[in-house]
Structures are given as structure tokens and as C-alpha cells.
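Worksheet for the structure shown next.
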Amino acid sequence: MTAIDKFRLDGKTVVVTGGARGIGYAVAELSASVGADVAIIDILEEAGVDAARRLAASSGRKVHFYGADLRRPHSVEEVAAKVEADFGCVQVLFNCIGVNPNTPVLEISAEEWQTVYERECKRAILCSSGVWQADGAPWRR
């Protein structure tokens, strides 16, 4: 048994936020390569559609793209319902949304830190703590 065999995701559904490109896409690609069906959620529509198409073609797995702005709780709930309708139970959530300020760390303004917080923390918290619980059941208000 290889190390990668220990991480097989056959029959599992993986959600990757920020999965249209970069690290998120690499996570989605790796997940599909170990047997998972993948839901990519991103604000980048064109890149997301292309990413899902390429990944489905190369992996043979079920891969869907969902455009959403995950800073808004209502959007998180809407996309969770869509993913549930298309995939059923979600077993794995990877929060890969990210932003890199182009300012030296000691010079970042309060406004820029707020932007980083919005993208890095708030979306991850909204997705992780409220929408998909450990048993995979989507949460609704």
C-alpha cells in the first residue's frame, strides 16, 4: 500500500472553496485523483467553469462549479443547497479562498486588513461552522 492509498476518497464528495485556480485548484485536482467527486466554489465564474470542465475531463469524476461570493451568509446557504441537490452528503470541505496583500506587513492599513479578514477568515468560518457539519448534513437557518 502506498502513502496515497491511505488517503483514498472513493465515494466521497469534496467541496473546495477558492477552487478555480491556484492552491484551491490543486486541492480539487488531488481530491479527484484519489477518487472524490468535487464541488468547486469560487467567485471567479470563467475560471471556475473552465477548471471544472478540465478536471472532469482529466479525472473522469463528477465535478461541478458553483459561482458564489462566500462573504455573504445567504450566498453560503444558497450554494450549500445547490451542492446538496447535486451531490448529496458532503464529507470533506477544503477552504482555499485566499488573498495576498501587496503591501509590506508593517504598512498594511486597517482597511486592507479588513479585506484580508473578509476573504481569509469570514468565508472559511461561514462555510466550516455553519453550512457543512461533521456528519456532512448541510445546515439551514
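The values are calculated or read from the model by the stated rules, or taken from the named source; none is laboratory data. What you are looking at is a predicted structure, and each value in this text was computed from that prediction instead of being measured. Because the Cβ atoms are built from the backbone with ideal geometry, glycine has one as well, and the counts that use them run over all protein chains shown. Areas reflect the complete protein model, heavy atoms only, side chains present, ligands, DNA and RNA absent. Shrake-Rupley method; radii C 1.70, N 1.55, O 1.52, S 1.80 Å.
Counting only DSSP H runs of at least 4 residues, each contributing -39500 (n - 2.57), and dividing by the residue count of the chain, the helix-based mean residue ellipticity at 222 nm comes to -11000 deg cm²/dmol. Under the simplified labelling scheme, the Y117-R72 pair shows an inter-label distance of 2.1 nm, with each label point 7 Å from Cα along Cα→Cβ.
Going by the alpha-carbon gyration tensor, a ≥ b ≥ c the square roots of its eigenvalues, is the chain rounded (a/c under 1.5) or, if a/c is not under 1.5, prolate (a/b greater than b/c) versus oblate? The shape class here is prolate. Under the criterion of Cα pairs below 8 Å and six or more residues apart, the relative contact order for the chain equals 24 percent. Take the chain with all the other protein chains still there, run a 1.4 Å probe, and you get 56 Å² of accessible area per residue. Under 18 Å of direct C-alpha separation, and excluding same-chain neighbours fewer than eight residues apart, K62 reaches these lysines: K12, K82. Here K6 is the anchor, and the aspartates and glutamates within straight C-alpha reach of less than 20 Å, apart from those fewer than 8 places off in the same chain, are E29, D37. Modelled spin-label separation between D50 and I4, with each label point placed 7 Å from Cα along the Cα-to-Cβ direction: 2.5 nm. Note down the net charge around G24, summing +1 for each Lys or Arg and -1 for each Asp or Glu among other residues with Cβ under 14 Å from its Cβ. Residues near G24 contribute 0 overall.
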